[in-house]
Each structure stands twice: as structure tokens, then as C-alpha cells.
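Asks: One structure is given below, represented as C-alpha cells, and several questions about it will come after.
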Amino acid sequence: MSTQTLTSRTTERSTGTPPVPTTPSRPRAPRAWASKTAVNAVLIMLALYTLMPISWLLIAATKNRRDLFATGGFSFGEFNLLSNIHEVFTHNDGIYGRWLLNTVIYAVVGSAISSLISVAAGYAFDKYAFAGKEKLFGVVLAGVLVPGAVLTLPMYLLASKAGLTNTYWALLIPSLVNPFGVYLARVFSEGYVPYEVIEAARVDGAGEIRTFRKIALPMLAPGFMTLFLFSFTASWNNFYGALVMLNDKNLYPVNLGLHMWNISTTESPEMYSLAITGSLIAVIPLVIAFLCLQRFWRSGLTAGAVK
């Protein structure tokens, strides 16, 4: 007779009530192992889905024109990367370098000014009380819901009336307005800038502009960099707006220029290697920006998560 049976009978005799049968607990180790395996499998699939296009692009950019079509997509051929890069920057009097410079102007200048405007607006919505504040902020939030592609044609008509089409301003001015940036900046201001600091600056005699420039703006630096990265990526990938607004190829950003090269491959197959290598070069600034600024981005995304 087992020890458990003896214990049950002893309990029944001492209390006078039959013992409640207990269900043996199942081991959790196999279930936890299966869950981790499933999660890791999904993450590996997502990583492969993300890295496969850039891997293909990196390998294809190293091939010459013959190996580009004679070998498999993920098979290496004769290493010709440096020659391809030289050809990209010397084709058509170095128009690719001009496209890169234009993209830097559109992305860096536009994103810096847009982020500053968004931070100032978000700070004002958070720290100041004025009539119709929440209703006005609701209008800003409504702007987040409108897709940017829907606004491209009305903005083109407005730019055409103002004589701004086919100029740098046609892409710079629309990029300055960022409703989502204003919303995010208000969240950053609530998390990073205490009211007590603002009141202390006012007591010390600082004006409102000086308080924002000297006190609030440095405290909002992580939020500013987060908004800058969002805006920088959006401006760098703004293809449709450039396609509608610009006709002069000297004003093209790099994505529109690569699109034109890709169209010409139907008549000139040798342009394939230029379009592929140019696409690889165009990705590098975005990777560098995220690697250099990711610590600001991570800290900015977690702002306000814990009260």
C-alpha cells in the first residue's frame, strides 16, 4: 500500500470527511520550450524576409553585366563593385551625385526645420493654456488620419498657382508640416519637461522664447532626434511627391532618378547595373543615420511609457 493512500485514509479518519482528490500538475517545461521555438521561428522568418532584398541587392551590385543575368540571384559572380560605383557616379556627367545632393537637401534641411516646428508646437500645446486649445489639437490629430498621397494633387495645384512647381520649394514646403510630429512632440513635452522647471525659469526672469530655447529644447533633444529620424526617412523615400512636382532632372531626388534609370532599362539593358548599384548606394545614408542616432530614437520611443 502506498504512502499516499495511507495518508488519505488517516485524514479521512481524523476529519470525518472524504479527501478531495488532487490533480497532478503537468510539467510546464515542454510547453515553454514549444512557445519559445514558435516565437524564434517567426522572428527568423521575419528577419529573412527583411534581409533577403538587401542581400540580393548587395550581391547583385558586385556583379558585372554578364554575371548579373548569367548567375542566380544569390550567387556571386566576378567582383565588379568598384567599377560599378565608378560608372554610377560618372554616368551622364555625374548626375547621380547631383541627385544625392538634392536628396540630402530635401531630407536633412526639411526634416530639421519640420522637427523644430513640431517640437515648438507640441511644447505650446502642452505648457500653455489658450482658448480652443483642445479643439485645435483635435484638428491637428485629424491631419494624421489623412493619407499623404491624397494631399499630393491639391498641393501640386497650390504650388502651381504660386509658381513653385519644379523648384526645391515644391518639396521642402510641404515637408515642413507634420501633424503626427506635433502629437508626438506634445507627448515628449509631457514626459521630459516638468512644469516646475518652466516656472523656475520664469521666476528667474527668462522670457518664453528664451525658456523654450535654453531650457525646454535641450530637454527635448531625444524627442527632437526621434522626430528628425521619422521625417528624414519619409523625406528620403518621398517618391510620389517628387514625381508630381518635378520635371527638371537636375532637381530630382535619388529615388526618382533611379526610377528613370529603371524605366530606361527596357531600351538600354546596360542600365540595370547602374540602377542596382545606385539603389545600394542610396540605402547607405539611411543605415548610417539609424546607426548613429538609434540611441536617441530608442529613448524617445519610450518617453512617457512609465509615469
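The values are calculated or read from the model by the stated rules, or taken from the named source; none is laboratory data. All of these numbers come straight from a predicted model, not from anything done at the bench. In this analysis, Cβ positions are derived from the backbone assuming ideal geometry, glycine residues included, and neighbour counts consider all displayed protein chains. Note: accessible area is taken over every heavy atom of the protein model, side chains too, but ligands, DNA and RNA are not part of it. Shrake-Rupley method; radii C 1.70, N 1.55, O 1.52, S 1.80 Å.
Asks: Tell me the per residue accessible area of region 77-235 using a 1.4 Å probe; a whole number in Å² is fine.
Replies: Working: 8500 Å² over 159 residues.
Per residue, region 77-235 has an accessible area of 53 Å².
Asks: Something else now. State the percentage of accessible surface on the chain attributable to carbon and sulfur atoms; use a 1.4 Å probe and exclude ligands, DNA and RNA. Please list the in-between numbers first.
Replies: Details: 12750 of 18920 Å².
Heavy-atom surface of the chain belonging to carbon and sulfur, 1.4 Å probe: 67 percent.
Asks: Follow-up. If each of Ile54 and Val109 carries a label point 7 Å out from its Cα toward its Cβ, how far apart are those two points in nm?
Replies: That separation, rounded to one decimal, is 2.9 nm.
Asks: Shifting gears a bit: By a straight-distance test (C-alpha under 30 Å), which lysines pair with Lys135 as possible cross-link partners, with residues fewer than eight away in the same chain excluded?
Replies: Cα-Cα hits under 30 Å: Lys127, Lys214, Lys307.
Asks: Still on this structure, I have one more. For labels at Phe69 and Val283 in the simple 7 Å Cα→Cβ model, what's the distance in nm?
Replies: 2.3
Asks: Give me the mean projected area, in nm² to one decimal, of the convex hull enclosing the Cα positions of region 51-117. Present the calculation step by step, with values, prior to reporting the outcome.
Replies: Working: hull surface 24.7 nm².
Directional mean of the projected Cα hull area for region 51-117 stands at 6.2 nm².
Asks: Need one number: nm distance between label points at Ala32 and Val187, each 7 Å from Cα along Cα→Cβ, rounded to one decimal.
Replies: 3.3
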